[in-house]
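First the structure, in the form of structure tokens, and then the observations on it.
Just so it is clear, none of the values below were taken in a lab; they were calculated from the coordinates. All of these numbers come straight from a predicted model, not from anything done at the bench. So basically every Cβ, Gly included, is an ideal-geometry build from the backbone, and we count neighbours across all protein chains shown.
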Amino acid sequence: MSDTLRMTGLLSGLDTTSLVSALVSVKSAKITKKKNEQTKLSWKQEKWESLNSEIYSFFKGSLDKFTMSTAFNTKASKVADSNVATATAASTAVVGTQSLVVKSLAKSAYLTGSEVKDSTGKKLAANATLSELGYGSGGSLKVTVGGTEHTVDLSGSDTLSAVASKIKGATGLNATYDANNGRFFINASESGEEQNFTIEDGTGTSGLAGTLGISVASDGTAESGASYIAGSDANIILNGAEYTSKSNTFNINGLSITATGVSAYDESTGTYKETSITTDKDIDSIYDSIVDFLDEYNSLINKMDAFYNAKDSSDYDILSSEEKSSMSDDEIESWEKKIKDGLLRRDDTLDNVRSLFTSALSEFSYKNNDGTTYTLSSFGINTLSYFKAADNEKHAYHIDGNADDSETSGLEDKLRAALVDDPENVTSFFTKMAQQFRTNLDKNMTGIANTRSKYKVYNDKELQTEYDDMTSEIKKMEDALSALEDKYYDQFAAMESALAKLQSNQNAVSQLLYM
């Protein structure tokens, strides 16, 4: 439409703008209709993109995971005497019972320094300096941690709090000065014998470590009034073999054992009391993973059913600016939602994806080594009857006996029974079902030149081409409308010019008659 500023109707008195608008109204309405179609198309693209994102997430997440038997190979371990240890099992852990003895726990080396006092016997504050202790020129400390020697250089102006910070910074030990107790507290950051430490005067320094109450000799002897507890390793016996660790956690053949207490020791026999670690398939974890898989599947298929079976929204047009001005935000949102909800109604592409999902589960069967054929129903996994299932939930699966499912919680739990009886058979069924499902979905998401991008279940390129074509078509329609408006305005301008000439002639005649 033309942006030219026009002065019209000066002689004729006609509302030229309104007349031109009326004359081009049919073409203008067609442009509005085409723009509305394009808006709906953009909403359709957004709806597809959102759904595709969820499907792809399922494809790369739960479905991918279920194609591998390791998804069903979770195991659980339990220690009979929980006072001495806990245990967790990786998928590689051996199923069975093992014996365990905890001989000792790992500890961190810990020093409680002796009291630091001034000449009057008063405990020193954290901001007291080495000068106040007679070390105006400072000094140094030699700290050896796990065989590695560190030098801590100190100045006379360093406070006791600063001394602790410098020890920590130079050695990696945890060090603080507690003014309330007038003592340094120093401990290794890790447990185990390797982290034992000594603290002595540095080269050219005399008595500083002792004055600070933190002297620890190489034999573990601490300053008088101080207490040093050496770090120690943890020691366990598993199935007769002895293991040592600087921490209380041992990772042995798929088991992670954390020692929490020392086994009882019988002095009369000189032996420790054994406890047992029992490892087995983690039925609860496997069961929950199947529940989670079906929950995600159900969420997707229910959404696709809702989109496909949506109410016809063809009677709802895109709101004009004038219409929106008389409506509240909630009313506008509700109106547009009705349009968006129906954009994929009876969509052929969506129907194909729905069919792929439903057939992947309903049509799959598996024959095991003894010739028995299994389907989901064999494990008590079914959809509800047509009349019992809610609208758009008729393809959703429920597990008989699932305590969290109000529809089927009272039924026999065949899935759990099958997992207890023959977990390998259940594993084989679900991995093969997932593998076939994934293969078919992967084929559906194969890219098609000029039509579909890879990992899309809909023709995104085709929709974008359609959108771009609409943009070009709208531009042509607007150019044609502008040209038509210009034509009509030119015609009205010519009429105004003719009227002006006629009026001029009339004025001339009148002047001649009255001369």
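Worth pointing out:
- Summary of the geometry: the range 251-273 and the range 337-412, compared by the centres of their Cα atoms, lie 50 Å apart.
- The helix-based estimate of mean residue ellipticity at 222 nm for the chain, built from -39,500 (n - 2.57) per DSSP H run of four or more residues and divided by its residue count, is -13000 deg cm²/dmol to the nearest 500.
- The gain in end-to-end length when the THR32 to GLU49 segment is fully stretched comes to 3.5 nm, 0.36 nm per residue minus the alpha carbon separation.
- Annotation: peptides 44-51, 312-319, ranked by per-residue average of other Cβ atoms within 10 Å with the highest first, follow the order 44-51, 312-319.
- Full extension of the chain between ASP469 and SER18 gives 159.2 nm of extra length, using 0.36 nm per residue less the Cα-Cα distance.
- Extension gain, THR446 to ASN239, is 69.2 nm, computed as 0.36 nm per intervening residue step minus the present C-alpha separation.
- For the range 72-85, backbone phi angles converted through the Karplus equation (6.51, -1.76, 1.60; θ = phi - 60°) give residue-by-residue couplings of 10, 9, 5, 10, 10, 10, 9, 8, 4, 9, 5, 6, 9, 6 Hz, Gly and Pro being listed as x.
- Of ALA483, ASN459, GLN45, farthest towards positive along the dipole that unit charges on Lys, Arg, Asp, Glu beta carbons give the chain: ALA483
- Relative contact order %, the chain, counting alpha carbon pairs below 8 Å whose residues are six or more apart: 20
- Take every pair of alpha-carbon atoms less than 8 Å apart whose residues are at least six positions apart; their mean separation over the length of the range 316-378 yields a relative contact order of 19 percent.
- Tilt relative to the chain, helix 348-362 - C-alpha long axis, 0 to 90 degrees, to 10: 40
- Reachable aspartates and glutamates from LYS103, criterion Cα separation under 18 angstrom, eight or more residues apart if same chain: ASP81, GLU193, ASP233, GLU242, ASP266, GLU267, GLU274
- Lysines whose Cα lies under 23 Å from that of LYS476, excluding same-chain neighbours fewer than 8 positions away: LYS27, LYS30, LYS33, LYS34, LYS35, LYS40, LYS461, LYS487
- Volume of the Cα convex hull of the range 110-229, divided per residue and given in Å³: 89
- Restricting the calculation to Cα atoms, the chain shows an Rg/Rh of 1.29 when the hydrodynamic-style radius is the Kirkwood one.
- 3J(HN,Hα) along the range 240-253: x, 9, 9, 10, 10, 8, 6, 10, 8, 10, 10, 10, 10, 6 Hz, from the Karplus curve 6.51 cos²θ - 1.76 cosθ + 1.60 with θ = phi - 60°, whole Hz, x for Gly and Pro.
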